[in-house]
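The values are calculated or read from the model by the stated rules, or taken from the named source; none is laboratory data. Just so it is clear, the model here is predicted, and its values are computed rather than measured. Quick reminder, even Gly has a Cβ in these numbers, built from the backbone with ideal geometry, and neighbours come from all protein chains shown.
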Amino acid sequence: MNPPLPEAANPPSVAAGHLTTHQQVVVVVLSVLLLLFIVHMVRRRAIREEYSVLWLAAGILVVLAAVFYSVTLALTHLFGAVAPTTAVFLLSILFLVVLNIQITVVLSRQTTQIHRLSQELALLNERLERTERKEP
Amino acid sequence: MNGRSEQNPAALRTASGGLRALIIMPALNEEKTLGAVLDRLQETCPDFDRLIVNDGSTDRTIEVARAGGARVVSLPFNSGYGCAVKTGLIYAERNGYDLAVLLDADGQHDPSSIPDVTRPVLEGTADVVLGNRYGDAARRAQGSWLQRTGHKYLSTLLRLLTGKRVSDPMSGFQAISRRALWFYVSNNFPEDYPDTNVLLMLHRAGIRFTEVPAVFHARTTGQSMHGGLLRPLLYWIRATLAILMVLLRPKPRKESKP
């Protein structure tokens, strides 16, 4: 009683050698919005310049990948992938991994710094209290 | 021995060799046990200064410590055992103590063993001494099976790497000589994970360590850091990783003041 599966419609652009203008516009608009948001956050000092670099680079790369689609296809070939989506996903995941490592590095550094600060604060406090009580 | 005054700790001298000694007790919410421990210390080693490193307690730990005649260094928030220990040892280093004793505030470590634990330092035969809970066969049965197996595994690993026999490498009951303090106040001390790896680092830094039997009591209140079933297992893995990391890093060296 299984109804016959509908023939999978061949997606027009997955394996094709070009992006439609529609697709390009969507990608470029989203990336530009991301870039504008990052710039806005840096301007408001909500993101430090040093940590905005990876994000800005990613946004610009996505725009380039959509505009110069041949580069994306070349990368797909380089990775040995069949569909450009695979290459794009692979690169996206790679970007997220790098970003996470950066965050972990910063987090570790800050944990150490916060501990050093809290130790110094505690020690200074004790010394201050002793000084105020005129103890040695 | 006599003529002790809380107001002038600098004038205090220990019974042994006129050294200035500091007992460091990291404490997190230990109001119930701390008072009794301080009383015992007053009886057993009145010449030692006492320092409570409050690690973000939310109870009356600070008040109990002050009432018991201890100095208090209070971290602004909970930062972990290693951070508290390091704070106490920085205090010892900066205030010119010759000897520091690490002691749990929960009553696990019996103050009557302090003379035994400090003896090798005072006699100059070791710079770091661990109080070992497996001093005799009766106490060997203490702790869960997992805990004991863990200790055994870590001490075997340590013996292979350093040639030293330490049966209780994670003991928090320690005596530390001034000669070894530089290591603890430096960046080498792994604040986030002070354990067997510290002993390996000491070995590589040329600091002599040893262990002596000490009297331990079962915890009466609070929670152990090493309880449960899963935690001991994760603990072994973490401890092994930490030891590997020590081997991958250069040997700790005494630097000019940081």
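Regarding A:ILE60, is this residue farther than 30 Å from B:SER186 by Cα, among the β-branched types (Val, Ile, Thr), out of contact with any Ser or Thr (no Cβ under 7 Å at 6 or more places or on another chain) and more than 14 Å from every other protein chain (Cβ to nearest Cβ)? Considered against the rule, which asks whether it is farther than 30 Å from B:SER186 by Cα, among the β-branched types (Val, Ile, Thr), out of contact with any Ser or Thr (no Cβ under 7 Å at 6 or more places or on another chain) and more than 14 Å from every other protein chain (Cβ to nearest Cβ), A:ILE60 comes out as yes.
When the stretch A:76-85 is filtered for residues that are at pLDDT 90 or above and in a helix (DSSP H, G or I), the ones remaining, listed by number, are A:THR76, A:HIS77, A:LEU78, A:PHE79.
In the stretch A:116-136, the residues that are closer than 23 Å to B:ASP192 by Cβ and facing another protein chain (nearest Cβ under 9 Å) form Cβ pairs under 7 Å with partners that are surrounded by 15 or more Cβ atoms within 10 Å (Cβ to Cβ) and of a type in the set (Phe, Trp, Tyr), at six or more places apart or across chains, as follows: A:LEU123/B:TYR91. Mind checking whether some residue in the stretch A:92-113 is surrounded by 12 or more Cβ atoms within 10 Å (Cβ to Cβ), within 14 Å of chain B (Cβ to nearest Cβ) and closer than 30 Å to B:ASN95 by Cβ? The answer is yes; a qualifying residue exists.
When restricted to residues that are hydroxyl-bearing (Ser, Thr, Tyr) and within 8 Å of chain A (Cβ to nearest Cβ), the stretch B:59-82 contains 2. I'd like to know if the stretch B:90-113 contains one or more residues that are surrounded by fewer than 24 Cβ atoms within 10 Å (Cβ to Cβ) and under 12 Å from B:VAL212 (Cβ atoms). Yes: the stretch B:90-113 contains one or more residues that are surrounded by fewer than 24 Cβ atoms within 10 Å (Cβ to Cβ) and under 12 Å from B:VAL212 (Cβ atoms). I need a count of the residues in the stretch B:48-98 that are under 18 Å from B:THR33 (Cβ atoms), part of a helix (DSSP H, G or I) and free of Cβ contacts under 8 Å to residues at least 60 places away in the same chain. So the count comes out to 8. One residue stands out among those in the stretch B:43-68 that are surrounded by fewer than 16 Cβ atoms within 10 Å (Cβ to Cβ) and polar (S, T, N, Q): the one that is modelled with the highest pLDDT, which is B:THR58.
Residues of the stretch B:152-171 that are more than 11 Å from B:LEU200 (Cβ to Cβ) and surrounded by 17 or more Cβ atoms within 10 Å (Cβ to Cβ): B:SER155, B:SER167, B:ASP168, B:MET170, B:SER171. Exactly one residue out of A:VAL67, A:VAL53, A:VAL97, A:VAL106 is touching a residue at least 40 places away in the same chain (Cβ under 8 Å), over 18 Å from A:VAL26 (Cβ atoms) and out of contact with any Pro (no Cβ under 6 Å at 6 or more places or on another chain), and it is A:VAL106.
Applying the set (1) more than 11 Å from the chain's Cα centre (by Cα); (2) in a loop (DSSP other than H, G, I, E, B) to B:ASP104 leaves exactly one unmet item: (1).
Condition check: in a helix (DSSP H, G or I), within 14 Å of another protein chain (Cβ to nearest Cβ) and surrounded by fewer than 22 Cβ atoms within 10 Å (Cβ to Cβ). Does B:ARG119 satisfy that?
For B:ARG119, the condition - in a helix (DSSP H, G or I), within 14 Å of another protein chain (Cβ to nearest Cβ) and surrounded by fewer than 22 Cβ atoms within 10 Å (Cβ to Cβ) - is not met.
Does B:GLY163 satisfy the criteria of being closer than 23 Å to B:ASN29 by Cα and modelled with pLDDT of 90 or more? Spelling it out, it is not the case that B:GLY163 is closer than 23 Å to B:ASN29 by Cα and modelled with pLDDT of 90 or more.
Taking B:SER186 as the residue in question, decide whether it is hydroxyl-bearing (Ser, Thr, Tyr), within 14 Å of chain A (Cβ to nearest Cβ) and within 17 Å of B:VAL246 (Cα to Cα).
Details: hydroxyl-bearing (Ser, Thr, Tyr): yes; within 14 Å of chain A (Cβ to nearest Cβ): yes; within 17 Å of B:VAL246 (Cα to Cα): yes.
Against the criterion (hydroxyl-bearing (Ser, Thr, Tyr), within 14 Å of chain A (Cβ to nearest Cβ) and within 17 Å of B:VAL246 (Cα to Cα)), B:SER186 qualifies.
Evaluation of B:GLY17 against the conditions (1) at pLDDT 95 or above; (2) more than 26 Å from A:GLU120 (Cβ to Cβ) shows that the sole unmet condition is (1). The single residue among A:ILE93, A:ILE103, A:ILE60, A:ILE47 that is outside any helix (DSSP H, G or I) and under 21 Å from the mean Cα position of the chain (by Cα) turns out to be A:ILE47.
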